[in-house]
Amino acid sequence: MIFIGSGSLLWRAVDFTTAAGHPIDLVVVPTGQESAAGERRLPTLATPDVNTAADRLADATTDGIVFSINNATILRTPILDKGFRIYNIHNGLLPRHRGLPEAAIVYAILNGDTTYGATLHEIDHGVDTGPVLDIEQFPITPADRFQDIMLEGLRACTRLFENNLDAIATNRTTPLPASPDPSRYYGRRALATLPDLSTHPDFLRATDVGIFATFYPELAALVSV
């Protein structure tokens, strides 16, 4: 198995996989995070763009399985054309919350969504458009702020990975029926227009990043204007 991503969400999945007895062929992290593996004796590749390392991934894989977990880089050709089975754990319910999780959470509150969650899906040539294999869903209450939803979303991501690892390893996954929800994408353009919504009655609740201010400085800076 190959893992692509960063942060504690990635390494928690790596550790769970190791404990479950599944071999890890390679862990790919952004340049500058070479030391993130710590004492783990795992093959690790640091690169500014994993898409340029498609041949390295193809040489490393023993089972054709690739996980994208907390990965900020959109996977493109040639990685997508190497015959891998590529899975993403997305912080958000697809197709309703495509794009950047920090933007999706803000707009979930501003749009009056009553549920949020995480999605396990296959990666295709679109952005968060591949077949959905499983979801973890939880309610958004009127008291929930950005920080609350982000924390619960991260927990849901971990549960999704752990609950589905063995099925993925043995190729026993089955896509869920297509959701009737509209497809919405929240990227950097959605973040850039946030100051225009500052009079929204839920704006402060939606942008209360709390402990995540250092993780999402772009969002924190926008809403402090």
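So is Pro177 free of Cβ contacts under 8 Å to residues at least 60 places away in the same chain, loosely packed, with under 15 Cβ neighbours inside 10 Å and farther than 26 Å from Gln147 by Cβ or not? Criteria met by Pro177.
Among the residues of region 75-93, is any out of contact with any helix residue (DSSP H, G or I) (no Cβ under 7 Å at 6 or more places or on another chain), under 22 Å from His200 (Cβ atoms) and not small (Gly, Ala, Ser)? For region 75-93, residues out of contact with any helix residue (DSSP H, G or I) (no Cβ under 7 Å at 6 or more places or on another chain), under 22 Å from His200 (Cβ atoms) and not small (Gly, Ala, Ser): present. Here Ser198 does not fit the description of being surrounded by fewer than 17 Cβ atoms within 10 Å (Cβ to Cβ) and in contact with a Pro (Cβ under 9 Å, 6 or more places away or on another chain). Residues that are of a type in the set (Ser, Thr, Tyr), without any contact (Cβ under 8 Å) to a residue 40 or more places away in the chain and in contact with a strand residue (DSSP E or B) (Cβ under 6 Å, 6 or more places away or on another chain) within region 39-68 comprise just one, Thr44.
Residues in region 73-94 include at least one that is hydrophobic (A, V, I, L, M, F, W, C), surrounded by 15 or more Cβ atoms within 10 Å (Cβ to Cβ), farther than 19 Å from Val132 by Cα and out of contact with any Pro (no Cβ under 6 Å at 6 or more places or on another chain). For region 119-151, a tally of residues being out of contact with any Phe, Trp or Tyr (no Cβ under 9 Å at 6 or more places or on another chain) and either in contact (Cβ under 8 Å) with a residue 60 or more places away in the chain or closer than 28 Å to Thr174 by Cβ (or both) returns 11.
Figure legend. Inter-residue proximity from region 73-89: first residues under 20 Å from Leu165 (Cβ atoms), second residues among the small types (Gly, Ala, Ser), beta-carbon distance below 6 Å, spacing 6+ or different chains. Indicated pairs: Phe84/Gly64; Arg85/Gly64; Asn88/Ser68.
Any residue at all in region 28-51 that is of a type in the set (D, E, K, R) and either buried (at least 19 other Cβ atoms within 10 Å of the Cβ) or under 19 Å from Gly83 (Cβ atoms) (or both)? There is no residue in region 28-51 that is of a type in the set (D, E, K, R) and either buried (at least 19 other Cβ atoms within 10 Å of the Cβ) or under 19 Å from Gly83 (Cβ atoms) (or both). Residues that are closer than 19 Å to Ile123 by Cβ and under 17 Å from the mean Cα position of the chain (by Cα): find the strands (runs of 3 or more DSSP E) completely inside region 1-79 holding 2 or more of those. Qualifying strands (runs of 3 or more DSSP E): 2-5, 26-30, 65-69.
FYI, it's all coordinate maths here, none of it is from the lab. Predicted, not measured: the structure shown is a model, and the values here were computed from it. Every residue, glycine among them, receives a Cβ derived from its backbone with ideal geometry; neighbour counts consider all protein chains shown.
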